[in-house]
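Report on one structure; see the data block that follows.
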There are 6 protein chains.
Amino acid sequence: MTDIIRADGRAVHELRPITIERGWSAHAEGSALISFGGTKVLCTASFTNGVPRWLTGKGKGWVTAEYAMLPRATNSRNDRESVKGKIGGRTHEISRLIGRALRAVVDTKALGENTIVIDCDVLQADGGTRTAAITGAYVALADAIEWGRAKKFIGQKATPLIDSVAAVSVGIIDGEPMLDLAYVEDVRAETDMNVVVTGRGLFVEVQGTAEGAPFDKRELDALLELGVAGCADLRDLQAASLAAGE
Amino acid sequence: MTDIIRADGRAVHELRPITIERGWSAHAEGSALISFGGTKVLCTASFTNGVPRWLTGKGKGWVTAEYAMLPRATNSRNDRESVKGKIGGRTHEISRLIGRALRAVVDTKALGENTIVIDCDVLQADGGTRTAAITGAYVALADAIEWGRAKKFIGQKATPLIDSVAAVSVGIIDGEPMLDLAYVEDVRAETDMNVVVTGRGLFVEVQGTAEGAPFDKRELDALLELGVAGCADLRDLQAASLAAGE
Amino acid sequence: MTDIIRADGRAVHELRPITIERGWSAHAEGSALISFGGTKVLCTASFTNGVPRWLTGKGKGWVTAEYAMLPRATNSRNDRESVKGKIGGRTHEISRLIGRALRAVVDTKALGENTIVIDCDVLQADGGTRTAAITGAYVALADAIEWGRAKKFIGQKATPLIDSVAAVSVGIIDGEPMLDLAYVEDVRAETDMNVVVTGRGLFVEVQGTAEGAPFDKRELDALLELGVAGCADLRDLQAASLAAGE
Amino acid sequence: MTDIIRADGRAVHELRPITIERGWSAHAEGSALISFGGTKVLCTASFTNGVPRWLTGKGKGWVTAEYAMLPRATNSRNDRESVKGKIGGRTHEISRLIGRALRAVVDTKALGENTIVIDCDVLQADGGTRTAAITGAYVALADAIEWGRAKKFIGQKATPLIDSVAAVSVGIIDGEPMLDLAYVEDVRAETDMNVVVTGRGLFVEVQGTAEGAPFDKRELDALLELGVAGCADLRDLQAASLAAGE
Amino acid sequence: MTDIIRADGRAVHELRPITIERGWSAHAEGSALISFGGTKVLCTASFTNGVPRWLTGKGKGWVTAEYAMLPRATNSRNDRESVKGKIGGRTHEISRLIGRALRAVVDTKALGENTIVIDCDVLQADGGTRTAAITGAYVALADAIEWGRAKKFIGQKATPLIDSVAAVSVGIIDGEPMLDLAYVEDVRAETDMNVVVTGRGLFVEVQGTAEGAPFDKRELDALLELGVAGCADLRDLQAASLAAGE
Amino acid sequence: MTDIIRADGRAVHELRPITIERGWSAHAEGSALISFGGTKVLCTASFTNGVPRWLTGKGKGWVTAEYAMLPRATNSRNDRESVKGKIGGRTHEISRLIGRALRAVVDTKALGENTIVIDCDVLQADGGTRTAAITGAYVALADAIEWGRAKKFIGQKATPLIDSVAAVSVGIIDGEPMLDLAYVEDVRAETDMNVVVTGRGLFVEVQGTAEGAPFDKRELDALLELGVAGCADLRDLQAASLAAGE
């Protein structure tokens, strides 16, 4: 680590200010409005007793996720995907990533034949929307599971959540590995990586892409180290949020 | 008016608590997060210099609106219209209503060849989302116009806004006309009406529908009277919000 | 009322020539080709024993409507919505309006578990297509219900139709309220209103829109009065058509 | 030919009663409501000065066609293709056939840079809708071309129509070749053929399909002979219709 | 027949070199990669026990087909229909033709309640893709039926295939009828015809289109004669391929 | 590395038999039919002089890719995305990955204002289709660039390809890291990773996903090492293919 100070005054290994407004939604069984600096994502978890037809009778539950952005979440307005009549590749890709990340910490047998749909809607974007979404979605998911337990859809002794999960972006800018890129940093990054890490510090997903020049093993290792440390901080913030009385 | 007290303690002619968080969005040229009780709508106004091709060269601007709901804004989750690949009739209808309401108070000649797109996204729904959207959209629109003036896209002496506009729902429940229906009231209403009224107290739009029994002229008049009074209250709240320094 | 004479020679409170060709379709259980001057709408009612899945077992029937225009019903050709792959907002809005108008006079319990789908296809348009559609649809609906009774899908003593329903457009042109606007009048109207009225003279739907300047209560009242009188005339024409032997 | 009498009393080589209401539409540049017995198709021709971008500057015009059915044109209701959001294979196929048939008798150079779009909407179906559509479309096309000539979009000496064109269905039922099948005959036909023939008696299109057993050359020849004779009768009816003053 | 020699050295009544790689696919129950000169079509037959819901319980099977082209099968690249979000008219039309051709030689009662879906994907196109597809599809179909018999989904004594079927294109170029047109010939043809003929020499489908001038009976007869002879050659090649051990 | 022998007899660090049929397509400017064992992908590169509008005048070229599977490429048939009317998330994700991988080795300035579209169509799937697609696409791309140079669309001294690129899948099965997973291995893998590596051995993309239990840094390192070695072997095969005369 060096003494580089970033545009917003952070050190290279520092997260932006993180806030989690747990229980933001009056309707959803679990919800969190999470902010990573200027990035704000509303995560809701909708609990339904029962599973899709293709899973019926297998004694297992289902967790899935959908990601979207409001049209003016970004600096210039994007057309709505509902108006265009189709979902773009980026939206699809992120929705699938969030779903995989959450399922990695869920024991679907313990969940029983229940379905939880997580919606992550980006209200305002400033880089790292997918990783903020995963981090907030975990909080919404945890509350939805507790709701299901209180309603007796989930057994009192079942432990559907086998670990927690958080995610953060890391990248190399001007040769320097940095944690939690804001939008102005993201567009300048030579290499961009998203890491999804469990509360115990294991990898669920590693996605690194050379935006400029290809990268070597040493750079990869530096990024992973930053990402794992950042996810440990996020894990603690998630835990604090979930520990607070409502 | 009678002494009937509603579920939430309001008198029949009372609005729910209204809040307007003006300038909620860091990116949009104008924005407002408006609440009518549990109904929360994020309104953003996106200003673009220039107009759609079909309007080019006529010396006039364009104002349009799109309305949508987050999937879990409501009590049970609705599938996303982007996933279904088409926009439902209700969404279309409300988007068109908001656009007409706003255009009724805009002098498009004074606006010049500029386009303002208003997005009204319902984050949480508890009845009256379309009327809250119109009321909040006006605030976002006013700020976007001031932004355009500051950027010199609009002439310094031009007055694109010729009046203000607000909207509220009214309905008859158990024979009693009531203002600003919450969701539990809306589903029980025999007659449901949305009125869109300018700051000067003139009608822009009156949409009354018999949900149960058809209604007579006397009932219609009672509803209109309530609606006009409610819109006058909303006009004052809009003005106060716009008068506040940022 | 004044002595103003309109382009087609009508007085301000006069309907255009109305014709109803009842039973136009050889296949449909009820049908009517209705003309309001140059506006011609083919209305068919398709009766099916049984209801959509979501209504099954509730002992109630279902009435719904779809509106569309042939591509060259209008002065210049419009692309087909089937070719564009999506239904426009205007089409959606009018289909929903027709369905609500008809359901307002149907006792779905008395209809029993039967479904009636009304199709209103505009063959030629000259203003007021949605109100002509509602007026003609009522005739098709009445015949489809009699067909269902003859086939014993509806009880011999049941009265699914609790009233008749008709609709007409009214508007203010050059400050003058007028009934049943033709297209050339419609485009000039400052205020445009559609009223849907039952045979007993009660309102089912009132939709008034300021196309130009907003309107006041006095103008609204004048329009409603014209509309109610026009609908009474239409009710008599519907009754005469239904009374005629086939 | 044998003495077989068909359900509707026709001889095997007889057309159903044919009517052509030329100029049915008040708006279209050419139009005809054509009936082949119970089959009724509204054909409109929309003339536009200019051609699609891909044809610009080649000194040639363009003629294209779209075919569709009203939802209750048939014995039981079909869902609208606009509601389904896509056009079915049958609709596509028939639209393409009509376009090819008409283009076969048009000299696009003589037409000049003008576009004619033919819409054939089946109001009521009783077999042979595509052949009725072609036959009626020719009449609408001829009038649209005269309109274009009167408006000077087409040269006074140009002859864009190099021949007339008509079409009819033929089929084999119980081993017997028959002309112009009604729906009840069509569903029983072992072999079904549509022939499109010019006024001079040449083939533009021959489409024969074995619905039941495959057919041999002798049967094919018998069908072609019937079809050519039927098209000659239709040609005379088209000519009579076009010769009548309006 | 004349002594005309074509660009590729063939006589007018000669097929291009035909190859059939039977069993090309490791997964499909029947498959063939068929080449007609430079035209290469991969045909797979997918066998499923059971039928679509609308056919259930009737003791009959179902055979259907889908045709498509890879984007760069042709000389210049075509956009994918999946990307465009809809299937073009030509694709629909050819898929329907292939399905009809195959069903003409299948006894669906003998097939039992089984479904066979044939996919014909054009890997490289050089004219005659639809006729190559039908010819190859028959081979894939025959193998899939044998697979079904081996798996006991089809009775040991049942004969679902009542004949074979092949197809070829014929056309008139410079007044000369020719067999099996390559792409450079197809674009020059005045008349273009596809004939689908059973192994016994009967017609299943005859589709002739005047691309330039309309054609007369004599030309039609010459084309049919060429096509029938070509299909007889293809039938022998199909039989030889199916007779070879795997 | 251990002495484990896999189902197909390979050692854990061994690739499946790789074949590259360069120049498979008669039409495309570059093409390769690549096989990784039973996985067969047809890669075509379509060269167009000029760039999309949004890139015009910047002196830079564009490379993009589309991936798709034939419906029966897999063990059971999948519905076509063209028939479903939309592209699935997986297809989108892989298309984007291939495009990024290729652009990482292209100097778009040296390419000049030219566009190359790569189509990767999976004819038969047995695991690792996306990595086979990238590896084959590079060969097609290299030939398309040489075509562009021969046609003088690219400068004779320009070097648009700054490196080669290949990709391979790696995974952990029963705790053992393995190279180039076949389908039966892929479904059993606890961790699944795709690595995209340049000819010089640098990473372009690393995508690792825990399908079962999350993975630690040691496992990640073992997978990366295997992947880098596998890509070096693929690079040599690509080079040999490109070195061969046509």
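What follows is calculated from the coordinates using simple rules that are stated; it is not laboratory data. Here the structure is a predicted model, which means the values were calculated and not measured. No Cβ is skipped: glycine too gets one built from the backbone with ideal geometry, and neighbour counts run over all protein chains shown.
In the structure shown, do any of B:58/C:84; B:60/C:217; B:58/D:152; E:40/F:40; E:40/F:84 have a Cα-Cα gap over 19 Å, and if so which?
B:58/C:84; B:60/C:217; B:58/D:152; E:40/F:84
Check residue F:65: other-chain or 5+ apart residues with amide H under 5 Å from its amide H, H built from backbone geometry?
Amide H neighbours of residue F:65, under 5 Å, 5+ apart: F:99, F:118.
Using the charge dipole of region C:1-97 (Lys, Arg: +1 at Cβ; Asp, Glu: -1 at Cβ; taken about the Cα centre), state which of C:36, C:15, C:73 has its Cα farthest towards the positive end.
C:73
About the Cα centre of chain F, how large is the charge dipole given +1 on each Lys and Arg Cβ and -1 on each Asp and Glu Cβ? Please answer in debye to the nearest 20.
1300 debye
What is the distance in Å between the Cα centroid of region A:77-150 and that of region E:21-44?
When both Cα centres are located, 42 Å separates them.
Go through region D:17-28 residue by residue and turn each phi into a ³J(HN,Hα) via Karplus (6.51, -1.76, 1.60, θ = phi - 60°); whole Hz please, and just put x for glycine and proline.
Each residue's phi maps through the Karplus curve to give x, 10, 10, 10, 8, 6, x, 4, 8, 6, 9, 6 Hz.
Using Cβ counts within 10 Å as a stand-in for footprinting exposure, how do F:226, E:237 rank, fewest first?
Ascending Cβ contact count within 10 Å gives the list E:237, F:226.
In the Gaussian network model of chain A, springs joining C-alpha atoms below 10 Å, which of A:40, A:152, A:86 carries the largest mean-square fluctuation?
The residue that fluctuates most here is A:86.
Less than 12 Å Cβ to Cβ from residue B:52, Lys/Arg counted +1 and Asp/Glu -1: what total charge do the surrounding residues give?
So the environment of residue B:52 carries a net charge of +2.
Which ordering of E:138, A:67, D:183 is given by a fewest-first count of other beta-carbon atoms within 10 Å?
Least to most surrounded, the residues fall as D:183, A:67, E:138.
Hey, what do the phi angles of region E:162-171 turn into as Karplus ³J(HN,Hα) couplings, whole Hz, using 6.51/-1.76/1.60 and θ = phi - 60°, x for Gly and Pro?
8, 5, 9, 8, 9, 8, 8, 9, 9, x
Partner chain Cβ atoms within 10 Å, averaged over the residues of D:128-138 - can you pull that number for me?
0
Using the charge dipole of chain C (Lys, Arg: +1 at Cβ; Asp, Glu: -1 at Cβ; taken about the Cα centre), state which of C:139, C:127, C:114 has its Cα farthest towards the positive end.
C:114
Could you give the dipole magnitude of the protein assembly as shown about its Cα centre, charging the beta-carbon of Lys and Arg +1 and that of Asp and Glu -1, in debye to the nearest 20?
Charge dipole, the protein assembly as shown, about its Cα centre: 20 debye, nearest 20.
Shape verdict for the protein assembly as shown, please, from the Cα gyration tensor: rounded (a/c under 1.5), prolate (a/b greater than b/c) or oblate. Each step should come with its number before you reach the end.
On the way: a/c = 1.66, a/b = 1.00, b/c = 1.66.
Verdict is oblate for the protein assembly as shown.
Measuring from a point 7 Å out along Cα→Cβ, what nm distances, shortest first, does residue A:201 have to its partners in the other copies?
Label point to label point, same position, other copies: 3.0, 7.2, 8.5, 8.5, 9.6 nm.
Comparing A:228, A:117, A:168, which has the greatest mean-square fluctuation in the GNM of chain A with Cα pairs linked when under 10 Å apart?
A:117
Treat the count of other C-beta atoms within 10 Å as a stand-in for reagent exposure and order E:90, A:53 from fewest to most.
A:53, E:90
Among residues other than residue F:117 whose Cβ falls under 11 Å from its Cβ, what is the net charge (Lys/Arg +1, Asp/Glu -1)?
Taking every Cβ under 11 Å from that of residue F:117, the sum is -1.
Can you list the distances in nanometres, one decimal and ascending, from the residue B:222 label point to the identical position in each other copy, with the point 7 Å along Cα to Cβ?
Ordered by distance, the counterparts are at 2.8, 7.5, 7.9, 7.9, 8.8 nm.
Which listed residue (C:209, C:164, C:150) has the Cα farthest towards the positive end of the charge dipole for region C:18-244, taking +1 on Lys and Arg C-beta and -1 on Asp and Glu C-beta about the Cα centre?
The Cα lying farthest towards the positive end belongs to C:150.
In a GNM of chain C with a 10 Å cut-off on Cα contacts, which of C:224, C:141, C:42 has the highest mean-square fluctuation?
C:224
Report, for residue D:78, each distance to the same residue's label point in the other copies, shortest first and in nm; define the point 7 Å along Cα→Cβ.
Values, ascending and in nm: 2.2, 2.4, 3.2, 3.2, 3.9.
Find out how many positive minus negative residues lie around residue A:61, taking Lys and Arg as positive, Asp and Glu as negative, among other residues whose Cβ is under 13 Å from that of residue A:61.
After counting each charged neighbour, the total is +3.
Smallest Cβ-to-axis distance in chain E, for the rotation taking E to B: which residue, how many Å?
E:85, 4
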